[in-house]
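Novice: Submitted below is the structure of interest, expressed as C-alpha cells.
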Amino acid sequence: MNYLVVNKIFFSYDKKKIIKNINLVIDKGESISIFGPNGSGKTTLLKIILSILKPQKGEIILEEKNVFKFKERERAKKFSYVPQKVSSFFPMSTFDFLILGRVPYINGFIRKEDREIVLNWMEKMKVLHLKDQNFQLLSEGEKQLVTLIRTFIQESEIIVLDEPLTHLDLKYKSKILELLKEIKKMSKTIISVFHDLESIKYISDRVVLLKNGEILKDGEVNDVLTKENLTQLFEENHIFIYK
Amino acid sequence: MKKRAFVLILIILSVLIFLISLSYGSKRYSILEIIEFLMNPKNGDELLLKIRLPRVLSSFLVGASLSIAGLLSQTLFLNPLADPFLFGISSGANFFVTLSLFLGLDMIFKFSLSFFSFLGALFSTIIILLISRIKGKITPLNLLLAGVALNYLLSSISSFLSIWGRDVLNKSVFWSLTGFSTINFEKINLLLIIFIPCLIFSILINIQLDAFSLGEDEAHSLGVNTKLMKTVTLFLIALLTGISVYVSGIIGFIGLMVPNILRTIFGLKHIELIPLSLLLGGLLLMISDLIGRMILFPAEIPVSIITSFLGAPFFLYLLFKKRVY
C-alpha cells in the first residue's frame, strides 16, 4: 500500500497555471525535499498537500483515503505545518502558542493532560525558560524552533516545512537541522522546501526539482542535485555548487 | 498574581459603579437604600425599578455585547483595529433600522426594529466579507478599508433618509440618541435572550478562536474547520452588534478598547478573554453612562459621545503603537 500519493494535481490561480500534472508517491518515514526557483510552485504544492488549497484537478491520497475528505481534526493528527514565518497577530505566551498543537485532541476546553504534554516537550527540548514570554517578541530562530516543537505536541505523522531556515542565523539553523535529523529517526515523514542545497543534503533522502509547476527531476539527492540538472533548472550557466 | 488582582479590581469596581449608577440621578438614594432595594426590588421605588435599574442593567449588557463582538471581530479579521463601529457593522444595523422607519415597517411586529437591526448588522458583515474577497484572500488592511468605506456610505444614506422623511428624522434621531433613557424590562429580556446564547457559543469555540489568531492557514493545519468557524463567528458578531444598536443606538470604540486592553494583560486565551470582555465592557459602559449623566446634570450627554471621547485617542494610540497594518 502506498502511504502518501500526490495524484495528477493541477492548480491555477487567476487563470495562471501554477501546478501542472504533479505526481508523487511518498513512503512512510521518507524525507523528501522540493527544490526549484522562485515562483516554481513549491509553496503552492505544499499547501495543496496540506489541503489548505484545493486543486482544480487531482487528489492527495493518504493511506488510500482522499485527504480532502478527512475531518479537519483527523487531518491535523496526520499533517503538521511549519511555515516560513510564523506570525501571531495578537500577543500570546509561548506556552499558549504551543498548546494550540493540542487543538485536534481537545473538545472545547484544554485539559490538564494537554498542559502536561506541552510542559514535558518544553522541558525535553530545553525551551522551558520561554514559557511565559510573548511569542511575538521571540527571535526568529526561537520562533521556528518552538513551531517545530509544536509538531511533536500535535503528534502528527507528516511534517511539512516551507523554508523554515530562511530568517535564521547559524546557531538556530544548526539547531533546527539537528532536530529535524532527530525527527527523521522517529520515522516521521518530512516534506520540505529549503532554499539551500546543504540543508537538503543533510536532511533529505530524495529531492524533486520543480520548474514552472512541473517536475523536472525526481530521485535520490546525489543523483538529482547535479550541475547539469541545476543548470537546466535555473537556466543559468554559472551555477556554483560547494563540494 | 497581576491577573488575579486585575479580575478582583474589575469585580469590585463593577459592583461599586452599579450601586453608584443606581443611586445617582434627579432623585438621589443612599447606597444603603439601594442595597435594601436590591434585596427586595418589588417593594422598591418605581423610579428605581422601572427607570434606573433597567438603564444600568442594559448599559452593562450592551457594553458586554459590544466588547465580545469587538473581540470576535478582531480574531476573525486578524486585526486589532477591528471594531463593530469602525467596520461599519453598527452602521449597517442603524441603516436597516432607519430604512424600516422610513418605509413604515417599524410596527409590523413587536420587536421588528430589533430584527431589522440584526439583519443590518449581518448585511454589513457579509458585504465586508464579499468586498474583501473580490481580490482573493482577505487581508487585514483591505478589510479595515472596506469597513470604513461601508461605515461612511451607510451612515450617509441613513442621514439622507432621515432628512428626506422628516417624520423619520424625528424618530431616528430620537431613537439613536436617547440611548439608555428609554429602556424597559422587555428590551432587557430580549437583550438577554440574544446575549446569553451568544456568550455560550463564543465560549464553546474558544479554542478554535485561539487557533484562528495565528491566521487562517495555521488554524486550518491545526485542525480547525475554518469555513464553519468564520460563519458562526460572523453570526455571533451580527447578533451581538444588532441587539446592541437596537437597544442603545450606535456606540463606538467599546469593542475596540476592551479586547485590546485585555489582550495586553491576558494574552491569547479566549476562555479568559470572553468573560473578561463581558466584565470590563459592561463596567466601561456603565461608567460612560454615569459620566454622561453627571457632567451637565440635569442635562444628559448621550453615552456614544463619551465612548468616542475615550475611544478616539485610544485608536490613535493603537495606530502609533503598532505602525504597520
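Bear in mind these aren't lab numbers, they're just calculated from the coordinates by the rules spelled out. Being a predicted model, the structure only gives us computed values, none of them experimental. As a convention, Cβ positions derive from the backbone with ideal geometry for all residues, glycine included, and neighbour counts pool all protein chains shown.
Novice: Kindly establish whether B:LEU318 is buried (at least 21 other Cβ atoms within 10 Å of the Cβ) and either touching a strand residue (DSSP E or B) at 6+ places or on another chain (Cβ under 8 Å) or in contact (Cβ under 8 Å) with a residue 12 or more places away in the chain (or both). Talk me through it step by step, then tell me what you get.
Specialist: On the way: buried (at least 21 other Cβ atoms within 10 Å of the Cβ): no; either touching a strand residue (DSSP E or B) at 6+ places or on another chain (Cβ under 8 Å) or in contact (Cβ under 8 Å) with a residue 12 or more places away in the chain (or both): yes.
It is false that B:LEU318 is buried (at least 21 other Cβ atoms within 10 Å of the Cβ) and either touching a strand residue (DSSP E or B) at 6+ places or on another chain (Cβ under 8 Å) or in contact (Cβ under 8 Å) with a residue 12 or more places away in the chain (or both).
Novice: Taking helices (runs of 4 or more DSSP H) that fall entirely within region B:240-325, which contain at least 2 residues that are of a type in the set (D, E, K, R)? Before you say what the answer is, go through the steps one by one.
Specialist: Values: elements: B:254-266, B:270-294, B:303-321.
Where helices (runs of 4 or more DSSP H) fall fully within region B:240-325 and carry at least 2 residues being of a type in the set (D, E, K, R), they are B:270-294.
Novice: State all residues of region B:184-226 that are among the acidic types (Asp, Glu) and touching a helix residue (DSSP H, G or I) at 6+ places or on another chain (Cβ under 8 Å); if no residue qualifies, say none.
Specialist: Within region B:184-226, the subset among the acidic types (Asp, Glu) is B:186, B:210, B:216-218.
B:ASP210, B:GLU216, B:ASP217, B:GLU218, listed by residue number.
Novice: Would you confirm whether any residue within region B:219-238 is touching a Lys or Arg at 6+ places or on another chain (Cβ under 6 Å), under 17 Å from B:ASN94 (Cα atoms) and either buried (at least 24 other Cβ atoms within 10 Å of the Cβ) or without any contact (Cβ under 8 Å) to a residue 40 or more places away in the chain (or both)? Reasoning before the result, please.
Specialist: Here is the first cut: in region B:219-238, the ones touching a Lys or Arg at 6+ places or on another chain (Cβ under 6 Å) are B:223.
Next cut, under 17 Å from B:ASN94 (Cα atoms) only: none.
Checked against the condition, which is being touching a Lys or Arg at 6+ places or on another chain (Cβ under 6 Å), under 17 Å from B:ASN94 (Cα atoms) and either buried (at least 24 other Cβ atoms within 10 Å of the Cβ) or without any contact (Cβ under 8 Å) to a residue 40 or more places away in the chain (or both), region B:219-238 yields no hits at all.
Novice: For region B:29-43, check the following and say yes or no: at least one residue is touching a residue at least 24 places away in the same chain (Cβ under 8 Å), surrounded by 14 or more Cβ atoms within 10 Å (Cβ to Cβ) and either part of a helix (DSSP H, G or I) or not aromatic (Phe, Trp, Tyr) (or both).
Specialist: As a first pass, look at region B:29-43 and keep what is touching a residue at least 24 places away in the same chain (Cβ under 8 Å): none.
Scanning region B:29-43, I find no residue that is touching a residue at least 24 places away in the same chain (Cβ under 8 Å), surrounded by 14 or more Cβ atoms within 10 Å (Cβ to Cβ) and either part of a helix (DSSP H, G or I) or not aromatic (Phe, Trp, Tyr) (or both), so the answer is no.
Novice: Which ones in region A:111-142 are of a type in the set (Lys, Arg) and over 18 Å from A:ILE183 (Cβ atoms)?
Specialist: Our first condition is that a residue be of a type in the set (Lys, Arg); within region A:111-142, this holds for A:111-112, A:115, A:124, A:126, A:131.
Residues satisfying the conditions are A:ARG111, A:LYS112, A:ARG115, A:LYS131.
Novice: Right, another one. Please go through region B:213-239 and give me each residue that is of a type outside the set (Gly, Ala, Ser), within 14 Å of chain A (Cβ to nearest Cβ) and either touching a Leu at 6+ places or on another chain (Cβ under 7 Å) or part of a loop (DSSP other than H, G, I, E, B) (or both), ordered by number.
Specialist: Selection gives B:LEU214, B:LEU222, B:VAL224, B:ASN225, B:LYS230.
Novice: Kindly indicate whether any position in region B:204-215 is out of contact with any strand residue (DSSP E or B) (no Cβ under 7 Å at 6 or more places or on another chain) and over 30 Å from A:ARG75 (Cα atoms).
Specialist: We begin by selecting, within region B:204-215, every residue out of contact with any strand residue (DSSP E or B) (no Cβ under 7 Å at 6 or more places or on another chain); these are B:204-215.
Those left that are additionally over 30 Å from A:ARG75 (Cα atoms): none.
Scanning region B:204-215, I find no residue that is out of contact with any strand residue (DSSP E or B) (no Cβ under 7 Å at 6 or more places or on another chain) and over 30 Å from A:ARG75 (Cα atoms), so the answer is no.
Novice: I need the strands (runs of 3 or more DSSP E) fully contained in region A:1-104, keeping only those with at least 2 residues that are more than 8 Å from chain B (Cβ to nearest Cβ). Steps first, answer last, please.
Specialist: On the way: elements: A:4-13, A:16-26, A:31-35, A:57-62, A:79-82.
Correct list: A:4-13, A:16-26, A:31-35, A:57-62.
Novice: So which residues in region A:109-129 are within 14 Å of chain B (Cβ to nearest Cβ) and aliphatic (A, V, I, L, M)?
Specialist: A:ILE110, A:VAL118, listed by residue number.
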